Amino acid sequence: MNLDLCPGCGRPVLGIGGQFSMLDSYYTSYLPEASRDANLFGCWHAACFHKEPLRGNWQQAILSNYTEVRGYEVVAELDSGVVLFLPQHGERVVVSPDAVVLDLSFDGGIQRRVPGGVVCRTLPSECSLQLDDEAVVARLQEQLRTQKKVPLMQIFELLGTADCVLHPEALTDSYFVWHKGLARLWEKQWVTANLDYGVFVPEELEPYLTRRKPRA
Ligand SMILES: [Zn+2]
């Protein structure tokens, strides 16, 4: 799958936790008539969407969808976002003022403290990159083969989007990690590996962090 292009800057979006705002067209019905701008639909760098005047309307639209359709309850309204809870599954998510929806379940727990918050860890998950530039893909594959990992910030630099990364201090030990089974799937424009990364969570959200419960 090719990476989505940010409607704000036209550059690719690597959709990792806390770094993107997904503006799905199905949220449209919750938006005031005047703010239904189809040019905004798509996957944004959160940093780019932060500059959009309509961001507050989108936060509200997403919240309405989660509470009216999906059964989430509002737990807390904070500066960094509205915390929602799904009672059946114990799931907690936060919807930020920039329309970033972040799952507050981190199976890897809190890894360390940084100014203003904590760095949480997800479990490594599969991530594929399809890029037109075969030389870049070949370089990534070679680095994975020989060093077994590529720093995530290097991927953002290759994509030309390092300036869009929020809280880079959370990504200092985040990597694209070689995996034998996934490496068998590589092609000239395709590289897949495990993504192991940290997510910045503001201090005021720390009490709402949770571990994932298996869905029934
Ligand atoms: Zn952007």
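None of the figures in this text is laboratory data; all of them are computed from the coordinates on show. All values reported here derive from a predicted model rather than from experimental measurement. Reconstructed Cβ throughout: ideal geometry from the backbone, glycine too, with neighbour counts over all protein chains shown.
Between a residue in region 1-21 that is free of Cβ contacts under 8 Å to residues at least 24 places away in the same chain and under 15 Å from residue 155 (Cα atoms) and any residue that is of a type in the set (A, V, I, L, M, F, W, C) and more than 8 Å from the ligand (Cβ to nearest atom), which pairs come within a Cβ distance under 9 Å, given they are 6 or more apart or on different chains?
Final answer for the pair search is none.
Residues are listed down the side, and each one gets a yes or a no for (1) within 16 Å of the ligand (Cβ to nearest atom); (2) over 27 Å from residue 76 (Cα atoms):
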residue	(1), (2)
125	no, yes
137	no, yes
154	no, yes
164	yes, yes
168	yes, no
182	no, yes
200	no, no
203	no, no
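Can you tell me which of 71, 17, 42, 10 is among the small types (Gly, Ala, Ser), more than 16 Å from the ligand (Cβ to nearest atom) and within 30 Å of residue 130 (Cα to Cα)?
The match here is 17.
From the list 50, 89, exactly one residue is touching a residue at least 12 places away in the same chain (Cβ under 8 Å) and surrounded by 17 or more Cβ atoms within 10 Å (Cβ to Cβ). Which is it?
Values: 89 fails: surrounded by 17 or more Cβ atoms within 10 Å (Cβ to Cβ).
None of the others qualify; the one that does is 50.
Quick one: in region 1-37, which of the residues that are out of contact with any Asp or Glu (no Cβ under 6 Å at 6 or more places or on another chain) and in a strand (DSSP E or B) is nearest to residue 187 (Cα to Cα)?
In this case the residue turns out to be 2.
I'd like the full set of residues that are over 22 Å from residue 154 (Cα atoms) and among the small types (Gly, Ala, Ser), limited to region 108-137.
108, 109, 116, 117
Where in region 144-211 are the strands (runs of 3 or more DSSP E), entirely inside, with at least 2 residues that are buried (at least 19 other Cβ atoms within 10 Å of the Cβ)?
Where strands (runs of 3 or more DSSP E) fall fully within region 144-211 and carry at least 2 residues being buried (at least 19 other Cβ atoms within 10 Å of the Cβ), they are 175-177, 190-196, 198-202.
Tally time: how many residues in region 82-96 are over 15 Å from the mean Cα position of the chain (by Cα) and part of a loop (DSSP other than H, G, I, E, B)?
Total satisfying the criteria: 4.
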